[in-house]
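J.: First, the structure itself, so that you have it in front of you.
The values are calculated or read from the model by the stated rules, or taken from the named source; none is laboratory data. Predicted model only: the values in this text are computed from it and were never measured. No Cβ is skipped: glycine too gets one built from the backbone with ideal geometry, and neighbour counts run over all protein chains shown. Note: accessible area is taken over every heavy atom of the protein model, side chains too, but ligands, DNA and RNA are not part of it. Shrake-Rupley method; radii C 1.70, N 1.55, O 1.52, S 1.80 Å.
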Amino acid sequence: MANEDSKNREVFWHLPGFCYYRQLNYTIITLMERYPDYFREGYKIGSVYGTFPGAIWNGGRVVMGIAGKRDIQATLALYNDKGVPVRFTWTNSVLEEKHLQDTYCNLIMRLADNGMNQVLVNTRVLEEYIRREWPRFPVISSTTKRIVQTDGVLGELEKDYYLVVLDYDLNHNEAALAALEPHAGRIELLVNEVCTPGCTKRAEHYEQQSRAQLEFDVKDVFPCPNANPNKTFEECTRRPAFISNDEIGRYIERGFVNFKIAGRGMPMQYVADAYLYFLVKDGKQAQVREKIGQIMKGTAKK
């Protein structure tokens with residue numbers, strides 16, 4: 001298989017929903033430690049991304065609710081103690097200067113300010129605030145910017161971003177990939193996006209989600225003309241932007257070593273299936289699936 005070429009190379013995977021999928025994510029991280037022979041060689045968890053519920057700086061997907069200080073600290077420690085950064089999706093695209101002093105979001109930043117955790121950004125106003133007030137956080141350019149021109153991506157790479165997350169419409173654009181190859185180590189690829197290729201409503205959808213998060217509007221639903229009710233990983237593998245295991249090795253050979261698994265807002269089974277597909281060696285999925293069940297039910301053998 002092509003991705004066996006990743007042997008002896010570090011390849012970083014970025015997992016969704018550090019809060020909502022906390023138990024599943026922690027289980028996968030633990031299994032990779034305990035049973036490295038079950039997982040593809042050279043693969044590491046580069047970060048877990050998402051938000052604590054109710055944070056108005058959050059974008060991409062609306063997440064309502066609230067987390068207390070001790071819950072925030074416990075979640076951060078859960079991952080950081082394993083050497084895994086927590087990456088905040090601070091990609092709300094409608095933020096204004098007045099939102100920067102939000103007590104809850106700044107509390108999260110203060111508790112996470114250890115030089116390990118990261119932020120994804122979309123707007124200049126929040127990015128400048130974070131760089132000024134929270135300079136220890138690596139800053140990452142978000143795919144929610146919807147930059148689909150190669151020159152635009154190259155412009156992002158000229159800035160002081162730790163990583164730039166590529167728009168999924170460029171996943172198989174050979175001309176774009178060739179132009180970006182000199183910067184491959186700073187590019188992150190979204191391997192399993194479920195949205196429609198070339199969607200003209202995607203930026204509008206992100207803005208609607210941002211406003212719903214900011215206004216705590218749980219009933220504000222985006223009327224997506226391309227909505228897909230079939231939220232299964234198997235269906236996702238047939239979408240044009242999908243990067244298969246057979247293809248990933250060729251990306252790694254070119255220096256692309258950061259891969260993002262989409263899953264926020266998706267069923268947990270979808271996320272688990274994605275982890276089993278991308279991270280686990282062929283022939284080992286059944287064993288890992290069983291161990292996931294054991295650990296998540298609290299019955300794993302010591």
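J.: Relative contact order for the stretch 106-254: what is it in percent, counting Cα pairs under 8 Å that are at least 6 residues apart? Numbers along the way, then the final one.
T.: Values: 151 pairs, mean separation 26.9, N = 149.
That works out to 18 percent.
J.: Find how many whole Å separate the alpha carbon centroid of the stretch 148-180 from the alpha carbon centroid of the stretch 56-96.
T.: Measuring centre to centre over Cα atoms gives 26 Å.
J.: Given an 8 Å cut-off on Cα distances and at least 6 residues of separation, report the relative contact order of the stretch 34-120 as a percent.
T.: Here the relative contact order equals 34 percent.
J.: Sticking with this structure for a sec: Give the aspartates and glutamates reachable from Lys201 as a straight Cα distance under 18 Å; neighbours fewer than 8 places away on the same chain don't count.
T.: Hits, sequence-local ones excluded: Asp167, Asp169, Glu193, Asp220.
J.: Step through the residues of the stretch 193-204 one at a time and calculate ³J(HN,Hα) from phi using the Karplus curve (6.51 cos²θ - 1.76 cosθ + 1.60, θ = phi - 60°), rounding each to whole Hz and writing x for Gly and Pro.
T.: 5, 9, 6, 5, x, x, 4, 7, 9, 4, 5, 5
J.: Which one of Pro53, Thr91, Leu154 is farthest out on the positive end of the charge dipole of the stretch 34-178, using unit charges on Cβ (Lys, Arg +1; Asp, Glu -1) and the Cα centre as origin?
T.: Positive-end residue among those listed: Pro53.
J.: Hey, another quick one. Would you be so kind as to identify which of Val139, Tyr168, Ala212 lies farthest towards the positive end of the dipole of the stretch 127-256, taking Lys and Arg as +1 and Asp and Glu as -1 on Cβ and the Cα centre as origin?
T.: Ala212
J.: To the nearest 20 Debye, how big is the dipole of the chain about its Cα centre, given +1 on the beta carbon of each Lys and Arg and -1 on that of each Asp and Glu? Please list the in-between numbers first.
T.: Details: 39 positive and 38 negative charges, 223 e Å.
The calculation lands at about 1060 debye.
J.: Taking the Cα centre of the stretch 19-71 as the origin, how large is its charge dipole in debye, to the nearest 20, when only Lys and Arg (+1) and Asp and Glu (-1) carry charge on their Cβ atoms? Don't skip to the answer; put the middle values down first.
T.: On the way: 7 positive and 4 negative charges, 40 e Å.
Rounded to the nearest 20 debye, it is 200 debye.
J.: Highest GNM mean-square fluctuation, the chain, Cα pairs closer than 10 Å: which of Gly50, Gly249, Gly198?
T.: Gly198
J.: In percent, how large is the relative contact order of the chain, given Cα pairs closer than 8 Å and 6 or more residues apart? It would help to have the intermediate numbers written out before the result.
T.: Values: 494 pairs, mean separation 72.5, N = 302.
Over the chain, the number comes to 24 percent.
J.: I'm spelling it out carefully: the read-out is Rg and Dmax of the Cα atoms in Å, the candidates are (1) 18.5, 53; (2) 19.5, 65; (3) 26.8, 84, and one was derived from this structure. Which label?
T.: (1)
J.: List every residue whose amide H lies under 5 Å from the amide H of Ile45, counting only residues 5 or more places away in sequence or on a different chain, with H placed 1.01 Å from N in the peptide plane.
T.: Trp13
J.: Would you mind calculating the gained length between Glu181 and Glu97 on full extension (0.36 nm times residue separation, minus the Cα-Cα distance), in nm to one decimal?
T.: Values: separation 84, 0.36 × 84 = 30.24 nm, distance 3.62 nm.
Gain on stretching Glu181 to Glu97: 26.6 nm.
J.: Express the accessible area of the chain per residue in Å², computed with a 1.4 Å probe while the remaining protein chains stay in the model. Present the calculation step by step, with values, prior to reporting the outcome.
T.: On the way: 13620 Å² over 302 residues.
Here the residues of the chain average 45 Å² of exposed surface.
J.: Pull out a ≥ b ≥ c, the square roots of the eigenvalues of the alpha-carbon gyration tensor of the stretch 22-121, then state rounded if a/c is under 1.5, prolate if not and a/b is larger than b/c, and oblate in the remaining case.
T.: Numbers: a/c = 2.37, a/b = 2.02, b/c = 1.17.
The shape class here is prolate.
J.: Run the quick spin-label model on Lys201 and Glu253: label points 7 Å from Cα toward the beta carbon, then report their separation in nm to one decimal.
T.: 4.0 nm
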